[in-house]
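The values are calculated or read from the model by the stated rules, or taken from the named source; none is laboratory data. The shown structure was predicted, so the numbers you read here are calculated from the model rather than taken from an experiment. Neighbour counts run over all protein chains shown; Cβ positions are idealised from the backbone, glycine included.
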């Protein structure tokens with residue numbers, strides 16, 4: 001009802017309900033929609049193009065079918081009930097997405113506070129691209145399908161029902177994408193800036209989500225590691241893992257992080273299809289792809305370096321080296 005009421009192309013002329021205290025009646029009053037106790041009164045109104053019967057009453061359905069009005073489209077029975085339930089599901093999904101994005105904004109503000117001033121603009125771009133390429137595109141697709149469903153309600157109800165099922169699946173994907181954006185913004189261990197455990201936990205989630213076997217090895221004392229370095233290196237590893245999912249077609253990935261006396265070394269290796277590094281470097285548009293640029297820029301801001309080692313059909317390794325000042329070294333190894 002809310003969706004129809006807010007649509008500039010649709011006018012809700014009335015709702016028929018015999019029970020005065022239902023949720024639908026309360027919502028109709030809130031939206032300023034006229035309420036009738038008899039559905040026959042709706043049929044007497046002028047300029048009515050569509051009637052949706054969600055009563056489930058065979059007698060009501062039969063009476064509506066007997067109405068002789070060539071301009072009037074009727075949707076009833078299981079199709080109407082299912083469509084109504086799906087529209088309500090869409091409202092709930094939209095509310096959940098809005099809540100998730102609100103939480104993301106709060107986490108983003110906290111993240112910006114932790115980051116160095118020079119990284120803010122770059123990180124905003126990364127997040128904007130992540131949302132635009134994933135969540136927004138999914139929601140645009142859902143919106144287009146819902147508009148098409150409106151047309152099919154009277155033209156081809158069966159086809160409309162099929163498209164409604166597809167839209168439900170897309171909504172679920174949108175909710176999952178929103179949750180992933182929030183998780184990627186601030187993994188759980190950031191509360192205590194526990195860098196190595198955070199990477200280990202992230203890889204566990206990564207393996208479960210993407211069905212890619214992961215192995216993690218970490219060593220060294222992170223107690224004197226600068227918080228900014230922890231955040232930046234985590235993002236670099238995270239972006240390298242994201243590229244594995246998007247491009248490598250890999251079944252296994254290995255992440256190694258070693259903290260030495262004055263150097264942090266991180267390596268992300270996969271067994272995917274690989275690529276010709278020299279050839280890709282000659283194509284600025286592809287080589288300066290957002291993920292690559294993000295990793296390189298973070299390494300530069302930390303005074304470090306990053307290298308890609310790969311051959312066609314031989315996997316890819318991303319090597320990162322970051323200079324550190326650490327007084328002590330303590331062994332720490334953990335494998336997933």
Qualifying residue in segment 200-211 (condition: assigned by TED's automatic domain parsing to the domain that holds residue 240, in a loop (DSSP other than H, G, I, E, B), within 25 Å of residue 250 (Cα to Cα) and modelled with pLDDT of 85 or more)
yes
Could you tell me whether any residue of segment 300-311 is at pLDDT 85 or above, in a helix (DSSP H, G or I) and either under 30 Å from the mean Cα position of the chain (by Cα) or assigned by TED's automatic domain parsing to the domain that holds residue 220 (or both)?
yes
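What do you reckon, is residue 251 assigned by TED's automatic domain parsing to the domain that holds residue 215, at pLDDT 90 or above and surrounded by fewer than 15 Cβ atoms within 10 Å (Cβ to Cβ)?
yes
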Being over 23 Å from residue 304 (Cβ atoms), at pLDDT 80 or above and not assigned by TED's automatic domain parsing to the domain that holds residue 49 narrows it down to one of 236, 146, so name that one.
146
Take the residues in segment 205-220 that are loosely packed, with under 15 Cβ neighbours inside 10 Å and in contact with a strand residue (DSSP E or B) (Cβ under 7 Å, 6 or more places away or on another chain), then tell me which one is nearest to residue 324 (Cα to Cα).
215
Please work out if residue 225 is under 22 Å from residue 306 (Cβ atoms), buried (at least 18 other Cβ atoms within 10 Å of the Cβ), at pLDDT below 85 and touching a strand residue (DSSP E or B) at 6+ places or on another chain (Cβ under 8 Å).
yes
Within segment 170-190, is there a residue that is at pLDDT 65 or above, part of a loop (DSSP other than H, G, I, E, B) and either in the same structural domain as residue 258 (by TED's automatic domain parsing) or closer than 30 Å to residue 86 by Cα (or both)?
no
